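Enquirer: The structure under discussion is supplied below as structure tokens; questions concerning it will follow.
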Protein chains: 2
Amino acid sequence: MHSRKKPMSDRFVSRREKLLRVIKQAGVNALLVSGETNVSWLTGFSGDSTWLLLGPKVCVLVSDGRYETQISEECPGLDVVIRKPETKLHEAIAKVVQSAGIGCLGFESHLLTWAMAGDLQSVLPNVEFKPVAGKVEELRAVKDAEEIAKIRTAVDIAIRGFQVIRAMLTSEMTEVSVAHELEQTMRRFGAAGTSFETIVAANDRAALAHYRPGREPIGDCSMLLIDWGANLTGNYKSDLTRVLLFGKVTQKLAKVYQTVLEAQQRAIRSIRPGIKCEEVDKVAREYIRQQGYGRRFGHGLGHGIGLDIHEMPRLAPNSQTVLQPGMVVTVEPGIYLPRWGGVRIEDDILVTRDGAEVLSQSLPKDMESMLVD
Amino acid sequence: MHSRKKPMSDRFVSRREKLLRVIKQAGVNALLVSGETNVSWLTGFSGDSTWLLLGPKVCVLVSDGRYETQISEECPGLDVVIRKPETKLHEAIAKVVQSAGIGCLGFESHLLTWAMAGDLQSVLPNVEFKPVAGKVEELRAVKDAEEIAKIRTAVDIAIRGFQVIRAMLTSEMTEVSVAHELEQTMRRFGAAGTSFETIVAANDRAALAHYRPGREPIGDCSMLLIDWGANLTGNYKSDLTRVLLFGKVTQKLAKVYQTVLEAQQRAIRSIRPGIKCEEVDKVAREYIRQQGYGRRFGHGLGHGIGLDIHEMPRLAPNSQTVLQPGMVVTVEPGIYLPRWGGVRIEDDILVTRDGAEVLSQSLPKDMESMLVD
């Protein structure tokens with residue numbers, strides 16, 4: 001008998017090996033990885049301000065004194081350069097690039113700032129710089145078994161948190177207190193915190209897709225939109241939305257609710273390996289348009305989740321990415337009517353070998369289940 | 001009698017007027033403000049993915065459907081372009097730049113990515129692009145009376161939260177539970193949450209300057225470093241550090257503690273309008289070096305706080321910024337000994353017309369006050 005679980009270090013080594021193949025294809029001697037989450041995914045380091053230079057002949061983290069011990073604990077065996085407070089980051093990087101004899105350096109052009117690219121070029125005048133955008137993110141879009149297990153846990157904690165909050169709701173609670181209690185509850189179930197600032201929006205505030213909770217009592221609202229997620233230590237995340245309904249549901253609200261739900265379910269049913277993201281988006285968008293709410297769905301259908309709350313792929317118009325097994329995406333259509341309210345329904349979906357699995361399946365979303373006495 | 005309080009909109013208008021003078025000096029027709037916090041400071045808009053084009057003849061936000069209602073509420077009277085989901089941000093910006101007849105466009109080169117700068121240039125081939133870095137941040141570094149009042153509130157809430165946590169500490173609590181209780185307590189006092197992920201680090205973990213709290217009981221630790229802050233709704237922040245001491249304090253710990261405290265107090269006493277940031281840093285750094293711990297203070301002395309937790313100015317070697325009245329900075333020297341522990345002491349300091357005011361003065365930091373029975 002031997003354990004099937006890969007040791008930590010192996011996992012990061014194999015991710016770096018995947019990236020090395022991409023680096024080779026890109027025709028550069030090394031890639032300068034500056035994205036914080038990308039560095040974390042490739043090395044296991046959980047801090048910031050630390051960049052990775054990776055190539056066939058070089059693998060070194062460039063960091064500063066705050067992280068010396070943490071790196072030795074989180075990334076055993078990895079080469080590290082600790083710059084002094086008086087040395088600027090681009091100067092420390094330049095030294096490493098030069099001593100590795102790199103002639104053509106790839107950089108993350110979608111993350112590196114224009115100014116930092118210029119600083120690096122000025123201290124490395126003989127190095128050719130080549131933009132290499134989104135390559136680590138493309139690899140990150142397809143999750144391995146361990147990552148999927150973590151996202152599953154983050155989804156389960158979010159669901160349990162929501163059930164507790166739903167059970168403890170009173171009309172005296174404010175949007176803010178609901179948000180805070182939900183976070184505290186998810187922490188009791190093992191979360192490090194929320195994936196993002198929880199949205200709790202009553203009535204007309206539900207029309208604001210990225211609303212910040214307020215301090216007025218919920219009172220006798222007719223709809224309460226909650227968009228929340230759990231963040232685990234190590235940063236894997238979930239992202240869900242439900243709308244609780246109070247009192248007698250008006251015909252208008254029922255029509256909006258059922259339209260969003262049907263659009264979401266159609267989109268989820270369309271998810272399978274090989275389909276383009278824009279096609280999934282279109283399934284929901286077309287249905288909402290047919291029902292007369294086309295102008296009231298002003299955002300993309302969904303996005304990947306993982307170490308970041310918004311990852312690749314994006315489910316949106318013009319998104320040409322093809323879904324693959326191991327991708328995890330949100331599906332979250334919405335209809336927002338200014339000064340009236342809004343409905344968004346969001347689940348987290350794993351693309352499987354032959355279709356899709358709704359990771360948040362156990363959390364009901366039919367209209368009857370959303371009715372609060 | 002008339003109120004001294006400026007109406008919201010006036011405040012943002014006067015900030016934009018200050019920036020317009022800078023834009024003129026920079027020799028550009030308009031500045032494309034892409035930094036989220038910069039946009040917020042200039043307009044009052046609290047969401048993301050929204051850019052501001054500002055010039056003598058143009059002032060327009062470019063956003064998307066998610067934020068249509070929110071912008072009309074938060075920024076009454078401001079021109080807005082809402083792009084459709086199928087229109088990319090740089091395409092929407094290009095349209096606005098063209099219709100405003102802008103020939104020379106400044107951009108935030110320290111924030112805009114290399115790729116986005118390229119995308120914009122490709123759709124605006126006849127526009128001259130000019131890097132204009134850090135100008136909004138320079139203005140933001142000097143706080144007005146209302147901003148100072150908010151930071152004061154954030155400091156007061158952080159102090160009250162710490163006092164509660166200190167009173168409720170037990171050896172059964174974990175670093176994580178201390179962090180979570182502290183946040184929940186600060187929320188009871190009116191905070192939206194923490195300014196950053198709270199650091200609670202016992203014993204040797206205190207040597208890790210940016211440690212994430214763990215789930216082991218604190219037990220009978222000898223030192224417990226807590227680095228925390230309150231974030232208000234509207235995002236003004238505080239940032240403090242104290243080290244609680246348990247049991248008999250060893251000579252080594254006492255020496256480290258007193259060295260950090262003396263270094264911090266000397267640095268604070270040096271703060272006044274007209275002094276360069278690097279000089280303040282040097283005061284603390286030199287003292288720590290003289291005491292034999294020069295290699296154990298591996299980060300800058302402090303940083304500005306405001307809407308962001310790390311703002312201008314930086315107190316660090318080579319930081320040439322000159323302190324001005326209205327700036328608010330942390331002063332936080334530390335000594336970190338790997339596999340033993342660390343001490344950092346941090347307060348928030350307002351630069352006044354004739355010196356400095358320690359906003360967190362009421363929170364004791366002498367060694368005796370840190371002793372927990």
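The values are calculated or read from the model by the stated rules, or taken from the named source; none is laboratory data. These figures come from a predicted structure and were not determined experimentally. Here the Cβ is made from the backbone with ideal geometry for all residues, glycine too, and neighbour counts use every protein chain on show. Side chains are part of the model used for accessible areas, which takes the heavy atoms of the whole protein and leaves out ligands, DNA and RNA. Shrake-Rupley method; radii C 1.70, N 1.55, O 1.52, S 1.80 Å.
Enquirer: Report yes if B:LEU244 is in the same structural domain as B:ARG152 (by TED's automatic domain parsing) and either surrounded by 22 or more Cβ atoms within 10 Å (Cβ to Cβ) or over 19 Å from the mean Cα position of the chain (by Cα) (or both), otherwise no.
Expert: yes
Enquirer: For the stretch B:203-223, enumerate the residues that are outside any loop (DSSP other than H, G, I, E, B), in contact with a strand residue (DSSP E or B) (Cβ under 7 Å, 6 or more places away or on another chain) and either at pLDDT below 95 or not assigned by TED's automatic domain parsing to the domain that holds B:LEU301 (or both).
Expert: Correct list: B:ASN203, B:ASP204, B:ALA206, B:ALA207, B:PRO217.
Enquirer: Name the strands (runs of 3 or more DSSP E) wholly within the stretch A:255-373 that hold at least 2 residues that are farther than 18 Å from A:ASP227 by Cα?
Expert: Output list reads A:311-315, A:347-351, A:356-358.
Enquirer: Okay, moving on. Hand me the list of helices (runs of 4 or more DSSP H) wholly inside the stretch B:44-138 holding 1 or more residues that are at pLDDT 95 or above.
Expert: Where helices (runs of 4 or more DSSP H) fall fully within the stretch B:44-138 and carry at least 1 residues being at pLDDT 95 or above, they are B:89-99, B:114-123.
Enquirer: Can you pull out the residues in the stretch B:224-240 that are of a type outside the set (A, V, I, L, M) and either touching a Cys at 6+ places or on another chain (Cβ under 9 Å) or in a strand (DSSP E or B) (or both)?
Expert: Passing the criteria: B:ASP227, B:TRP228, B:ASN231, B:LYS237.
Enquirer: Return only the number of the condition from (1) crowded, with 21+ Cβ neighbours inside 10 Å; (2) under 18 Å from the mean Cα position of the chain (by Cα) that A:LEU350 does not satisfy.
Expert: Result: A:LEU350 passes all but (1).
Enquirer: Hey, can you tell me all the residues within the stretch B:247-273 that are at pLDDT below 95 and either charged (D, E, K, R) or not assigned by TED's automatic domain parsing to the domain that holds B:ILE349 (or both)?
Expert: Listed by number, the list holds a single entry, B:LYS248.
Enquirer: In the stretch A:81-102, what count of residues is obtained for those that are at the interface with chain B (Cβ under 9 Å from one of its Cβ atoms) and open to solvent by 70 Å² or more (accessible area, probe 1.4 Å)?
Expert: 3
Enquirer: Going through the stretch A:233-286 one residue at a time, which ones are out of contact with any Phe, Trp or Tyr (no Cβ under 8 Å at 6 or more places or on another chain), hydrophobic (A, V, I, L, M, F, W, C) and farther than 14 Å from A:ILE349 by Cβ?
Expert: A:LEU244, A:PHE246, A:LEU253, A:ALA254, A:VAL260, A:LEU261
Enquirer: Counting just the residues of the stretch A:103-112 that are of a type in the set (A, V, I, L, M, F, W, C) and more than 7 Å from chain B (Cβ to nearest Cβ), which one comes out farthest from the chain's Cα centre (by Cα)?
Expert: So the residue we want is A:CYS104.
Enquirer: How many of the residues making up the stretch B:123-133 are over 26 Å from B:LEU350 (Cα atoms), within 14 Å of another protein chain (Cβ to nearest Cβ) and either free of Cβ contacts under 8 Å to residues at least 40 places away in the same chain or under 15 Å from the mean Cα position of the chain (by Cα) (or both)?
Expert: Total satisfying the criteria: 2.
Enquirer: If the Cβ limit is 6 Å and pairs must be 6+ apart or interchain, which residue in the stretch A:277-297 that is within 12 Å of A:ALA316 (Cα to Cα) pairs with which residue that is open to solvent by 60 Å² or more (accessible area, probe 1.4 Å)?
Expert: That search, which allows pairs on different chains as well, returns A:GLU278/A:ASN318; A:VAL283/A:ARG266.
Enquirer: Quick one: would you say B:ARG215 is away from every other protein chain (no Cβ under 14 Å) and touching a residue at least 40 places away in the same chain (Cβ under 8 Å)?
Expert: When the stated conditions are applied, B:ARG215 does not pass them.
Enquirer: Let me ask you something else. Given the conditions (1) buried (at least 16 other Cβ atoms within 10 Å of the Cβ); (2) outside the structural domain of A:GLU91 (by TED's automatic domain parsing); (3) touching a residue at least 24 places away in the same chain (Cβ under 8 Å); (4) of a type outside the set (Lys, Arg), and given that A:VAL136 satisfies all but one, which numbered condition is not satisfied?
Expert: (2)
Enquirer: Tell me whether the stretch A:152-160 contains one or more residues that are within 13 Å of chain B (Cβ to nearest Cβ) and surrounded by 18 or more Cβ atoms within 10 Å (Cβ to Cβ).
Expert: No, the conditions are met nowhere in the stretch A:152-160.
Enquirer: Among the residues of the stretch B:47-61, count how many are open to solvent by 30 Å² or more (accessible area, probe 1.4 Å) and within 14 Å of chain A (Cβ to nearest Cβ).
Expert: Qualifying residue count for the region: 2.
Enquirer: Another question, then. Within the stretch B:263-301, track down each residue that is within 14 Å of another protein chain (Cβ to nearest Cβ) and hydrophobic (A, V, I, L, M, F, W, C).
Expert: Those that are within 14 Å of another protein chain (Cβ to nearest Cβ) and hydrophobic (A, V, I, L, M, F, W, C): B:CYS277, B:VAL280, B:ALA284, B:ILE288, B:PHE297, B:LEU301.
Enquirer: Here's a follow-up. Quickly run through the stretch A:113-122 and pick out the residues that are open to solvent by less than 50 Å² (accessible area, probe 1.4 Å) and more than 10 Å from chain B (Cβ to nearest Cβ).
Expert: A:LEU120 - this is the single residue of the stretch A:113-122 that is open to solvent by less than 50 Å² (accessible area, probe 1.4 Å) and more than 10 Å from chain B (Cβ to nearest Cβ).
Enquirer: Also: Of the conditions (1) more than 14 Å from chain B (Cβ to nearest Cβ); (2) more than 30 Å from A:MET370 (Cα to Cα); (3) open to solvent by 50 Å² or more (accessible area, probe 1.4 Å), A:ALA141 clears all except one; give me its number.
Expert: (3)
Enquirer: Output the number of residues of the stretch A:322-339 satisfying the condition of being over 30 Å from A:LEU307 (Cβ atoms) and either touching a Lys or Arg at 6+ places or on another chain (Cβ under 8 Å) or open to solvent by less than 10 Å² (accessible area, probe 1.4 Å) (or both).
Expert: Number satisfying all stated conditions: 2.
Enquirer: Can you tell me which of B:ALA149, B:ALA206, B:ALA202, B:ALA167 is more than 9 Å from chain A (Cβ to nearest Cβ) and under 16 Å from the mean Cα position of the chain (by Cα)?
Expert: Matching residue, one of B:ALA149, B:ALA206, B:ALA202, B:ALA167: B:ALA149.
For (1) among the aromatic types (Phe, Trp, Tyr); (2) in contact with a Gly (Cβ under 7 Å, 6 or more places away or on another chain); (3) surrounded by fewer than 22 Cβ atoms within 10 Å (Cβ to Cβ); (4) closer than 17 Å to B:ASN235 by Cα, each residue gets a yes or a no:
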| site | (1), (2), (3), (4) |
| --- | --- |
| B:LYS130 | no, yes, yes, no |
| B:ALA149 | no, no, yes, yes |
| B:GLN163 | no, no, yes, no |
| B:ILE199 | no, no, yes, no |
| B:ARG215 | no, no, yes, no |
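Enquirer: Take the residues of the stretch A:62-80 that are farther than 22 Å from B:PHE196 by Cβ and buried (at least 17 other Cβ atoms within 10 Å of the Cβ): which is farthest from the other protein chains (Cβ to nearest Cβ)?
Expert: Here the answer is A:LEU78.
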